[in-house]
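Down below is the structure, laid out as structure tokens.
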Amino acid sequence: MKKVALVIAEKQFRDEEYAVPRDMLQAAGFHVLTVSTSKNTAIGKLGLKVTPDTLITELEPAELDALIFIGGGGSEQYFTDPLAHHLAKTMVKLEKVLGAICIAPVILANAQVLKGKNATVFPDGAEVLQQQGANYTGTEVEVDGKIITGNGPEAAEAFSKALIKLLS
């Protein structure tokens, strides 16, 4: 069974950007791990309560098929996080699926894994992607090789479908 890690912030992650992919991935037969910086209950922007399965410090990229960073204002905690950047780079090195939705593609840009890649992000993050060498497209969902990005909560379903296709 393929394993997908969804990384959420402790607070202010975007509920639907987490719940829609989780539900669609599980329905498609994937094992979904919810990951954060604490195992305490994480609370989404719209009030969704989630208890993470594991800590980001415990992730082993070699054991994952995909690593996805969930957006929302709280994802800013990973923008300059050296561990998040290391995990992103390692997933690319291992030729595994790496993704981010909403404002979270800023994490990937700051990890230097979007250089020369087509990518999208919530409009607030477009400048950072461009500064870090990404080809910002502004589309709803962008897939470039094994990197997938989505531009916000409205993209959650399309992002999830594209992710499942990428993993299948």
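The values are calculated or read from the model by the stated rules, or taken from the named source; none is laboratory data. Computed from a predicted structure; not experimentally measured. Positions of Cβ are backbone-derived with ideal geometry, glycine not excepted, and every protein chain shown enters the neighbour counts. Remember, those area values only see protein heavy atoms, side chains included, never the ligands or the DNA or RNA. Shrake-Rupley method; radii C 1.70, N 1.55, O 1.52, S 1.80 Å.
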Restrict the check to segment 114-121 and report whether at least one residue is buried (at least 22 other Cβ atoms within 10 Å of the Cβ), assigned to a helix (DSSP H, G or I) and among the hydroxyl-bearing types (S, T, Y).
no
Tell me yes or no: at least one residue of segment 125-135 is modelled with pLDDT of 95 or more, open to solvent by 10 Å² or more (accessible area, probe 1.4 Å), under 16 Å from Y78 (Cβ atoms) and out of contact with any strand residue (DSSP E or B) (no Cβ under 7 Å at 6 or more places or on another chain).
yes
Kindly check whether there is at least one residue in segment 41-54 that is surrounded by 22 or more Cβ atoms within 10 Å (Cβ to Cβ), among the hydroxyl-bearing types (S, T, Y) and in contact with a strand residue (DSSP E or B) (Cβ under 6 Å, 6 or more places away or on another chain).
no
From the list T90, T139, pick out the single residue that is surrounded by fewer than 23 Cβ atoms within 10 Å (Cβ to Cβ), over 14 Å from the mean Cα position of the chain (by Cα) and within 16 Å of V7 (Cβ to Cβ).
T90
If only one of L166, L129, L108 is part of a helix (DSSP H, G or I) and touching a residue at least 60 places away in the same chain (Cβ under 8 Å), which one is it?
L166
Hey, does segment 50-58 have a residue that's more than 21 Å from L166 (Cβ to Cβ) and acidic (D, E)?
yes
Exactly one of these conditions fails for D23: (1) surrounded by fewer than 20 Cβ atoms within 10 Å (Cβ to Cβ); (2) more than 17 Å from G99 (Cβ to Cβ). Give me its number.
(2)
